[in-house]
Amino acid sequence: MNPMNYVILATVLFSVGATAVLLRRNAIIAFMGIELMLNASNLLLVTFARVNGAIAGQVDAFAVLVVAAAEVVVGLAIIIALSRSRQNISLDEPSEMKG
Amino acid sequence: MLHLSWLIIAVPLASAAVILLAGRAARKWGHWLAVAASATTVIVGIGAFVQMLGLDRGDRAFHETLFRWIPGGELSVDAGILVDPLSMSFVLLVSVVGTLIHVYSVAYMEHDPRRSTFFAYLNLFIAAMFLLVLADSYLLLFVGWEGVGLASYLLIGFWNQKSEFATAANKAFIVNRIGDMGLILAMALMFAHLGSVDFAHAFAAAPGASTGVLTAIGLALLLAACGKSAQFPLQSWLGDAMAGPTPVSALIHAATMVTAGVYLVVRSGPIFAGAPNALLAVAAVGAITLVMGAIIGMAKDDIKKALAASTMSQIGYMMLAAGLGPVGYAFAIFHLLTHGFFKAGMFLGAGSVMHGMDDQVNMRRFGGLATLMKFTWVTFGLGWLAILGVPPFSGFWSKDKIIEAAFIGDGWKPWVFGLTAMLGAGLTAYYMSRLFFMTFYGGKRWTDDQHPHESPLMMTVPMMILAAGSAVLGLVLARGNAFTAWLEPVTGTVAHGEPVLAVPLIMTLTLILVALGVAAAYFQYVSRPVPITEPRASVLTLAARRDLFQDTVNGALVQWPGEVLTRIAVYADAAAIDGAVNKTASGTAGLGEVVRKLQTGKVRSYAATMLVGVVILLAIVVKGGR
Amino acid sequence: MREEVMFWTLGPVMVLASLTLLFARKAVHVAMGVVVVMIGLAVIYVAQDAPFLGVVQIVVYTGAVMMLFLFVLMLVGVDQRESLRETIRGQRVISILAAGGLAALLIGFLGKVVIDPAHVGGLTQANAAGNPQAIAGVMFGSFVLVMEALGVLLTIAAVGAIVLTFVPRMSPTLNQRTRSDARIQGGLDPVNKPMPGVYARHNALDTPALDPLGNPLEASISRVLRARKQELEVPGLPQAPEIEPPAFDGNEREGGTP
């Protein structure tokens, strides 16, 4: 089978994740969008590891996985802290960054 | 003792540092430490002098490098001292007169709360002055040159609670800066064309340089000398410098610092040797100042300002002598020494008079003090006779030589300079007699609440010693041309030319002029009562009272254009430079106002922006990849 | 052939599941959709000679990360519904255009690329000793420093999460001594409340204890039982009052203080 199919599947998943980050106001959903993007990139790594016959790609994917896990822990902690202080986890709410 | 010469600089410097650092603690002993430091310089100086006398004439130049000072590539200057007959003369003058004035000041400044500070400054001054005369390079000389300027500034403004005194100090400092610029220019020229700024190398290279370069260096040195020695056209600060305590006027503004210009010219003899035009300029400046100082001195009623004008005039004599070239160098230094003694003595006398008259300085308020202040009268009288040039007092020996030397030469020069010098002698006789008569003779003109009295011994003894010097120094040094011979290793041997007039004739004419001057003063100020207020007077007198409008001229020539330039610069700064900066700032702020609208604070907008950016970049990459 | 079947079955399912991210209103539904995607990815990994990663994907993503998401969802409120109406002007258009542009660009560009299956290296050789062993060989061989750094990163992340969610105690700790002190201060019985009754024939929580005079003690019976009228009828015990369900208050749950 042409490995490019996997690449295109990864692209689609990535785009959907990106769109979710941009469109969803719920911080948790947006966060899941980010996870989806990470996984899409992982799919690419695994695919090309196979194409090139290099096991290092899978190791990289594993590293991405670990980083993603760490990111999830911190991100969710932030979301909890946010919901504690605001009773709300809408992404539009914290607009102190407004210039 | 020659190898200990560095102590002459170090001891007073250390003493000044100790006193200044000790602050209040030094109030009780600071002045005695300063006197001791000064006395040490006399001992070391005399020791070195005796040792030098024991040497052969040709070996009488002791040079010692103290440390590598500026080891910088092509410009490598070492700090070293050079003790030769010329600097030795200065060392003796400064140490002896300086010590006497230190002693005098102990009594004179007795009631001043900042007496120890005053002594620290005095020590700083003599240290700087010794550095100036002992330096072996122009650069080190410059350090001393600035040091004496600083000390002079500090001492003129010693009573700076009075604003006009502080102004006088500033004036002295600023005018001196112009002269300093001359010295810096001279050093730069030397380095560029002679390759060195130390005496030995610069003088060795001087004969090989072009006349134009040497003339430029000479003129720059002359500018420096004019600033320090209050010569025309930088003379205006000296009169105001009398704001300082009288011992300061005696030491710095009569005997030593103001003569540094003469030292500079004489020391630079090898450079002037190749620049006759610069030498002529020196002589011309001396002649002009000599007459100018005399004219101003004739009209001043302030005893210290009259003496200051006289100082200007006498230094004019020295410059004139120095401007005559090697013929006059020795006479210039000779007159400098005798002048140092008699003028310092007279200043101390004036201080003594002021001390007894509650700091009154207006001579029209003196009169008849001869009987009340006998010591002061006698010592001042000796100084007076000396400056008049009455034989056998010391001024006669030195000044008469200068007048004679001025007549040497050919063409118009001997006539102009000689007659000017001779005329100056007459004027000097008039204004010094006027000063002397107004102070010590005639009826008493002081107010009833003043009680003139003789000063304490600690003041009169230094005056007596200086008076003794005024009386006999000239005779001692002139005997058998001893002084000229002493200086010969520095000034070089010169074939003595013949004056255009016969020497006895010159001497007689001069003495006649002097007698005339004294007589005129006598008739005006002793035979007739002296008005307490300034009488109506001729235009010339009025001009002389105002220092020949020197401040007006300076104001019009320098100050006014300077102020206009400053205003223009301020306006340009505010309108153009600040304007540009401010406009840039407000433009940036305005741009920010526009751009900040993009900052919505919504995270998702930012994310969208990022993604759009990524897409654009990707499009470029894909496009470029094809 | 098996791979094609797998791909064309899983691919559309995964894409559809991922679309919940855009269209599902409830966050829980989104999470379930993402779980489906994750499992699909795990299968694909296994199919692509990466069985280790496939397992890890299920364990870490489906088992840990997505469950963590669900926990947090429960913490912040499962019921938070989100209206899909866009509040930022132009955001939807820009987002769809940008994401669509991204997809179009990538697919348009990558779609032309054909990798000859003959040149696909495959990992058969690398995985000869088993995939986890191969990964371990690389990971603890050339990438050991990276691995250590990742370990540090995880530790830091854990500490960071604790710091972020930590809420400092605002009131003093209650221990036995403070409670006892409070009870005496309040003028209450300093010792324990009487235990429920113990009869010869009966030993139960629903039986009141008796004081020395033989009267039943009201305090010896659980309030709950009384409120539910489940206590044993004891003659002489006043009728249980109607008790309001106690308001939740940590400090007064003990009932010792008034």
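Non-local amide H neighbours of B:ALA135 (under 5 Å, H modeled in plane, Pro and chain starts lacking H): which ones?
B:LEU82
Short version: ³J(HN,Hα) in whole Hz for each residue of the range B:153-165, in order, from phi by Karplus 6.51 cos²θ - 1.76 cosθ + 1.60 (θ = phi - 60°), x for Gly and Pro, what are they?
Here the 3J(HN,Hα) series is 4, 4, 7, 4, x, 4, 9, 6, 5, 8, 5, 6, 5 Hz.
When the chain is fully extended, how far beyond the present Cα-Cα distance does B:ARG546 get from B:LEU150, taking 0.36 nm per residue of separation?
139.9 nm
With the crude spin-label approximation of a point 7 Å out along Cα→Cβ, what separation in nm comes out for B:MET458 versus C:ILE162?
Distance between the two pseudo-spin positions: 8.1 nm.
Using DSSP loop states and a limit of at most 15 other Cβ atoms within 10 Å to flag GluC sites (Glu not before Pro), what is the longest stretch of chain B containing no flagged site?
On the way: sites that count: B:GLU74, B:GLU110.
Answer - B:111-626.
Taking neighbour counts of Cβ atoms within 10 Å as a proxy for exposure, in what order, fewest first, do B:VAL614, C:VAL144, C:VAL43 appear?
Working: B:VAL614 15, C:VAL144 11, C:VAL43 18.
Ordered from fewest to most neighbouring Cβ atoms within 10 Å, B:VAL614, C:VAL144, C:VAL43 come out as C:VAL144, B:VAL614, C:VAL43.
With the Cα gyration tensor of the range A:1-81 in hand, convert its eigenvalues to equivalent ellipsoid semi-axes via √(5λ) and list them largest first in whole Å. Write down the numbers at each step before the final one.
On the way: eigenvalues 141, 55, 4 Å².
For the range A:1-81, the semi-axes come out at 27, 17, 5 Å.
Quick one: length gained pulling B:ILE70 to B:GLN450 fully straight, 0.36 nm per residue minus the C-alpha distance?
Result: 131.0 nm gained on full extension.
Can you give me the long-range amide H partners of B:ASP302? Hydrogens built in the peptide plane at 1.01 Å from N, cutoff under 5 Å, separation of 5 or more residues or another chain.
For B:ASP302, the qualifying residues are B:MET363.
What number do you get for the range B:550-597 when its Cα radius of gyration is normalised by 2.2 N^0.38 Å, N = residues?
2.04
Relative contact order of chain B: what whole-number percent is it, with Cα pairs under 8 angstrom and at least 6 residues apart?
On the way: 1041 pairs, mean separation 74.2, N = 626.
After rounding, I find 12 percent.
Report D for the range B:171-283 in µm² per second (integer): Stokes-Einstein, Kirkwood Rh on Cα pairs, 37 °C, 0.692 mPa s.
Numbers: Rh = 14.4 Å.
For these conditions, the coefficient is 229 µm²/s.
Over the range C:1-79, what portion of Cα pair distances is larger than 14 Å, expressed as a whole percent?
64 percent
Could you go through the range B:525-540 in sequence order and give the Karplus-derived ³J(HN,Hα) for each residue, using 6.51 cos²θ - 1.76 cosθ + 1.60 with θ = phi - 60°, rounded to whole Hz, and x for Gly and Pro?
10, 10, 5, 10, x, 8, x, 6, 9, 5, x, 5, 9, 6, 4, 4
Give me the distance in nm between label points sitting 7 Å out from Cα along the Cα-to-Cβ direction at B:MET610 and B:VAL539, one decimal.
The two pseudo-label positions are separated by 9.0 nm.
Taking the Cβ of each residue in B:SER229, B:SER210, B:SER313 as the centre, tally the other Cβ atoms inside 10 Å and list the residues starting with the fewest.
Final ranking by Cβ density, sparse to dense: B:SER210, B:SER313, B:SER229.
Using a ≥ b ≥ c from the Cα gyration tensor of the range B:350-435 (square roots of the eigenvalues), is it rounded, prolate or oblate, where a/c under 1.5 gives rounded and otherwise the larger of a/b and b/c decides, a/b for prolate?
On the way: a/c = 4.08, a/b = 2.48, b/c = 1.65.
Taking the square roots of the gyration eigenvalues as a ≥ b ≥ c, the range B:350-435 is prolate.
So what's Rg/Rh here for chain B, counting alpha carbon atoms and using the Kirkwood radius for Rh?
Computed over Cα atoms, the ratio is 1.14.
Mind running the shape call on the range B:110-208? Use the C-alpha gyration tensor, a ≥ b ≥ c as the square roots of the eigenvalues: rounded below 1.5 for a/c, prolate if a/b tops b/c, oblate otherwise.
Judged from the Cα gyration tensor, the range B:110-208 comes out oblate (a/c at least 1.5, b/c at or above a/b).
Counting other C-beta atoms within 10 Å, which of B:ASP400, A:ASP92, A:ASP60 has the fewest, and how do the rest follow?
A:ASP92, A:ASP60, B:ASP400
Amide H to amide H under 5 Å from C:THR207: which residues, 5+ apart in sequence or cross-chain, H placed 1.01 Å off N in plane?
Distant-sequence amide H within range of C:THR207: C:GLY197, C:LEU232.
Using C-alpha positions alone, give me the convex hull volume of the range B:235-293 per residue in cubic angstrom. Present the calculation step by step, with values, prior to reporting the outcome.
Details: hull volume 4.4 nm³, N = 59.
For the range B:235-293, the hull spanned by Cα atoms encloses 75 Å³ per residue.
Once both labels are modelled 7 Å past Cα along the beta-carbon direction, what's the C:ARG177-C:VAL114 spacing in nm?
It works out to 8.4 nm between the two label points.
Alpha carbon centre of the range A:49-83 versus the range B:20-69: separation in Å?
A separation of 83 Å, based on Cα centres.
Round to the nearest 0.05 the FRET efficiency obtained for B:GLN524 and B:ARG24 when R0 = 60 Å and r is the Cβ-Cβ distance.
Efficiency, from the Cβ-Cβ distance: 0.75.
Please identify the trypsin sites (Lys or Arg not before Pro) of the range C:67-153 that satisfy two criteria: DSSP loop assignment and at most 12 other Cβ atoms within 10 Å. Which are they?
Passing both the DSSP loop test and the Cβ count: C:ARG81, C:ARG85, C:ARG89, C:LYS112.
Nearest 500 deg cm²/dmol is fine: what mean residue ellipticity at 222 nm does chain B get from its DSSP H runs of n ≥ 4 alone, each adding -39,500 (n - 2.57), divided by its residue count?
-23000 deg cm²/dmol
With θ taken as phi - 60° and the coefficients 6.51, -1.76 and 1.60, list the Karplus ³J(HN,Hα) couplings across the range C:214-219 in order, rounded to whole Hz; mark glycine and proline as x.
Result, rounded to whole Hz: x, 8, x, 9, 5, 6.
Taking just the alpha carbons, could you work out the radius of gyration and Dmax for the protein assembly as shown, both in angstroms?
Spelled out, the Cα radius of gyration and Dmax of the protein assembly as shown are 52.9, 163 Å.
Restricting things to alpha carbons, find the Rg to Rh ratio for the range B:14-53 using the Kirkwood radius for Rh.
1.19
For a test of the definition: using alpha carbon positions, the gyration tensor, and the 1.5 limit on a/c, classify the range C:85-222 as rounded, prolate or oblate.
Numbers: a/c = 3.32, a/b = 2.45, b/c = 1.35.
Since a/c reaches 1.5 and a/b is larger than b/c, the shape of the range C:85-222 is classed as prolate.
Computed from the coordinates by the stated procedures, all read-outs in this text should not be read as laboratory data. As the structure is a computational prediction, the values presented were derived from the model and not from experiment. With ideal geometry, Cβ positions are generated from the backbone for all residues, glycine too; neighbour counts draw on all protein chains shown.
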